[in-house]
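Remarks on the structure that follows.
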């Protein structure tokens, strides 16, 4: 299934239940933040990086929640996710040219 098909399925799921009426931009943005916190909780007190893979299933679930709410918010605001991603990458390519940023974790203002 492509991303577009998965996004359409998420929208259909919401529409079939008549939940769009509850999905205003503010509450969707709050929900994204809450789900992002739940993703952080998966890794809280995890200790070493080696423990991360056994938490992948829970992380997958939280990532799905975040992405679904992002799909709903983009839909509500009339934003094309593909365009938003491409526009952001275009912007980041200007801020982080390969010759200055490859292998370098500094912020663009420090390059």
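Rule-based calculations on the coordinates, nothing more; no lab input. Fair warning: this is a prediction, and the values are worked out from it, not measured in the lab. Please note: Cβ atoms are built from the backbone with ideal geometry, for glycine as well, and neighbour counts cover all protein chains shown.
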Self-check item: Proxy reagent accessibility, fewest Cβ within 10 Å first, across 98, 52, 42
Solution: 98, 52, 42
Quiz item: Hey, what D do you get for the chain in µm²/s if you plug the Kirkwood alpha-carbon radius into Stokes-Einstein at 25 °C and 0.890 mPa s?
Solution: 148
Quiz item: Where does each of 91, 2 land when they are ranked from fewest to most other beta-carbon atoms within 10 angstrom?
Solution: 2, 91
Quiz item: So, in Å, what gap is there between the alpha-carbon centers of region 41-96 and region 11-35?
Solution: 17
